[in-house]
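A.B. asks: Have a look at this one.
The values are calculated or read from the model by the stated rules, or taken from the named source; none is laboratory data. What you are looking at is a predicted structure, and each value in this text was computed from that prediction instead of being measured. Virtual Cβ from ideal backbone geometry, glycine too; neighbours counted across all protein chains shown.
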Amino acid sequence: MIWLPQAAELRAEGALGASQHCLKRVLELEPHNAPGHFAMGQNHAALREWPLAEQAFLTAAGLQQVLCNHLSWWTLSKTL
């Protein structure tokens, strides 16, 4: 899918509106795309839209529960 890399490139260029447009397209086509939700969260955070950023990050985390479990284990192992 070309939309996700294009959204990242646009975000890097500071074109957050265009990046969000691409990400909306990604999520219309693939609503369970965790990287798409995560990228949308990054855009919302860059725009200081904290509640929307939080929701996007939580959605991404829920879709990637296995990854979250792994990251939690890794974080815990660093504190032991």
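A.B. asks: Can you pull out the residues in the stretch 36-62 that are out of contact with any His (no Cβ under 7 Å at 6 or more places or on another chain) and either surrounded by fewer than 17 Cβ atoms within 10 Å (Cβ to Cβ) or assigned to a loop (DSSP other than H, G, I, E, B) (or both)? Please lay out each step first, then the result.
C.D. replies: If we filter the stretch 36-62 for residues that are out of contact with any His (no Cβ under 7 Å at 6 or more places or on another chain), which is where we start, we get 36-51, 54-55, 57-58, 61-62.
Correct list: 45, 46, 47, 48, 49, 50, 51, 54, 55, 58, 61, 62.
A.B. asks: What is the number of the single condition among (1) surrounded by fewer than 15 Cβ atoms within 10 Å (Cβ to Cβ); (2) part of a helix (DSSP H, G or I); (3) at pLDDT below 95 that residue 32 does not meet?
C.D. replies: (2)
A.B. asks: Just the residues that are under 14 Å from the mean Cα position of the chain (by Cα) and of a type in the set (D, E, K, R), please, taken from the stretch 10-37.
C.D. replies: If the condition is that a residue be under 14 Å from the mean Cα position of the chain (by Cα) and of a type in the set (D, E, K, R), then 11, 24, 25, 30 are the ones that fit.
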